[in-house]
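J.: Structure provided below as structure tokens; questions to follow.
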Amino acid sequence: MSYTGDVTKGGPADVREVPGLTISKIEVGDWGNNAYLLRCAKTGDGLLIDAAAEPDRLLGLIGGTPISAIVTTHQHADHWMALEDVARATGAQVIAHPLDAPELPVPVTREVGHGDRITVGVVTLDVIHLRGHTPGSIALLYQDGHLFTGDSLFPGGVGNTQKDPARFEQLYTDVVERIFDRLPDETWVYPGHGRDTTLGAERPSLPEWKARGW
């Protein structure tokens, strides 16, 4: 079966193999949160993006092969409700942006900012700081082709900025300058909730997003 990115609560993970990396997507919790397990194809080392909920299911997804890190994309509780349990069970380092780190339920062992890199086995992920949804929201980019956006970019628009014009302008500007102006249309977007998309599918709608202000 080919990867679609369509997952459901209680359902199986959707898994895809890309050069150097295996990506597993699963839906957990009551708010349709996505969690992503990334594994280096060469070493088997793993990284979990957003230990959102249902620690037993996340630990089942991880299985018996250790992970070295858990990245939390931002401070909202629906993205870290399983963090304490998963971090304790795996011993993985906890990674987040310093502006959101104080809101997490466990100490952050590594703070990362825009332009930093996170290593998974022999592959690296680039950290992109996207300000607006929260002060310290981050996305992770793999090889300019796979972008994990948390709640900063979805099919149909940027993340929720609570109708604050300044926050919307900041997030829209960051998404345009740091993502759309830099990356090709083929880049696959893995959001914090719901279905995946591509930059090419979303790019024509940028003027509409700006005009409506959300």
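J.: Which residue pairs have Cβ atoms under 7 Å apart, sit 6 or more places apart or on different chains, and have a first residue in the range 168-179 that is among the polar types (S, T, N, Q) and a second that is crowded, with 19+ Cβ neighbours inside 10 Å?
T.: Between residues of the range 168-179 that are among the polar types (S, T, N, Q) and residues that are crowded, with 19+ Cβ neighbours inside 10 Å, the close pairs are GLN170/ARG131; GLN170/GLY132.
J.: Do you know which residues across the range 86-108 are outside any loop (DSSP other than H, G, I, E, B) and crowded, with 18+ Cβ neighbours inside 10 Å?
T.: VAL86, ALA87, THR90, VAL94, ILE95, ALA96, ALA101 - these are the residues of the range 86-108 that are outside any loop (DSSP other than H, G, I, E, B) and crowded, with 18+ Cβ neighbours inside 10 Å.
J.: One residue is enough: does the range 55-64 have a residue meeting the conditions touching a residue at least 12 places away in the same chain (Cβ under 8 Å), surrounded by 15 or more Cβ atoms within 10 Å (Cβ to Cβ) and assigned to a strand (DSSP E or B)?
T.: Looking for residues that are touching a residue at least 12 places away in the same chain (Cβ under 8 Å), surrounded by 15 or more Cβ atoms within 10 Å (Cβ to Cβ) and assigned to a strand (DSSP E or B), one finds none in the range 55-64, hence no.
J.: In the range 191-210, what residues are over 13 Å from VAL158 (Cα atoms) and part of a strand (DSSP E or B)?
T.: Hit for the range 191-210 is THR198, nothing else.
J.: Give the range 157-166 a look and list any residue that's more than 30 Å from THR124 (Cβ to Cβ) and either among the small types (Gly, Ala, Ser) or in a helix (DSSP H, G or I) (or both), or say none.
T.: PRO165, ALA166
J.: Just to be sure I understand, how many residues within the range 109-141 are of a type outside the set (Gly, Ala, Ser), within 18 Å of ASP174 (Cα to Cα) and part of a strand (DSSP E or B)?
T.: Count: 7.
J.: Scanning for something more than 23 Å from THR22 (Cα to Cα) and surrounded by fewer than 17 Cβ atoms within 10 Å (Cβ to Cβ), does the range 69-84 turn up at least one residue?
T.: Yes - at least one qualifying residue is present in the range 69-84.
Just so you know, all these numbers are worked out from the coordinates, no wet-lab data involved. Every value quoted in this text rests on a predicted model; they were computed, and no experiment measured them. As a convention, Cβ positions derive from the backbone with ideal geometry for all residues, glycine included, and neighbour counts pool all protein chains shown.
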